[in-house]
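Trainee: Take a look at this one; I'll ask things after.
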Amino acid sequence: MLSNACKYGIRSILYLAMHAEKEEKIGVKNIAEALEAPQPFLAKLLVQLAKNKLVSSFKGPTGGFFLDKENLENSVWDVIKCIDGTDKFEQCFMGLSTCGDENPCPVHFTVVPFKKKILNDFKDKTLKEFVDEIKLKGRYISLKDLEV
């Protein structure tokens with residue numbers, strides 16, 4: 001449903017949110033290594049997120065990316081809108097052009113509640129709330145340090 005760019009963007013912004021309390025600026029190289037993501041690709045995404053005020057950054061030898069208090073109030077939906085746009089969430093799951101409640105595809109009524117739930121979570125939860133859940137429930141944004 002989401003592009004790889006969007007997935008990397010969400011993971012990187014959650015990574016930054018997890019380090020926001022320390023008020024540290026993190027270089028793209030460190031973020032890419034921690035998330036096992038391609039560095040040049042991630043750099044372009046972080047610049048795009050910074051231009052849209054979803055991430056903060058400083059240039060120079062002590063610079064890097066970080067999230068301030070304002071950034072932490074954004075949602076995952078804000079990241080999705082910035083990178084992928086909203087079209088994928090408005091389209092028919094099966095790709096039909098005229099799908100809707102009046103003219104449903106075979107899976108329309110199965111998919112609609114799922115879409116509403118995921119949209120509500122993406123729109124209503126702040127990045128800070130997602131990070132609190134990650135810390136509380138032990139969820140992972142990278143499998144790098146896990147023994148699998």
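Trainee: Output the residues belonging to region 1-45 that are part of a helix (DSSP H, G or I), at pLDDT below 90 and buried (at least 16 other Cβ atoms within 10 Å of the Cβ).
Mentor: Those that are part of a helix (DSSP H, G or I), at pLDDT below 90 and buried (at least 16 other Cβ atoms within 10 Å of the Cβ): MET18, ALA20.
Trainee: How about region 10-41: which of its residues are more than 14 Å from SER57 (Cβ to Cβ) and small (Gly, Ala, Ser)?
Mentor: Within region 10-41, ALA17, ALA32, ALA34, ALA37 qualify.
Trainee: Taking region 46-67, which residues are of a type in the set (S, T, N, Q) and either closer than 21 Å to GLU129 by Cα or outside any helix (DSSP H, G or I) (or both)?
Mentor: Once the filter is applied, which keeps residues that are of a type in the set (S, T, N, Q) and either closer than 21 Å to GLU129 by Cα or outside any helix (DSSP H, G or I) (or both), region 46-67 yields ASN52, SER56, SER57, THR62.
Trainee: Restricted to region 70-81, and to residues that are charged (D, E, K, R) and part of a helix (DSSP H, G or I), which residue is surrounded by the most Cβ atoms within 10 Å (Cβ to Cβ)?
Mentor: Selected residue: ASP78.
Trainee: Taking the condition of being β-branched (Val, Ile, Thr), within 24 Å of LEU46 (Cα to Cα) and either part of a helix (DSSP H, G or I) or in contact (Cβ under 8 Å) with a residue 12 or more places away in the chain (or both), how many residues in region 82-117 meet it?
Mentor: Here the count works out to 1.
Trainee: Give region 46-70 a look and list any residue that's aromatic (Phe, Trp, Tyr) and within 11 Å of GLU23 (Cα to Cα), or say none.
Mentor: PHE65, PHE66
The values are calculated or read from the model by the stated rules, or taken from the named source; none is laboratory data. None of the values given here were measured: they were computed from a predicted structure. Quick reminder, even Gly has a Cβ in these numbers, built from the backbone with ideal geometry, and neighbours come from all protein chains shown.
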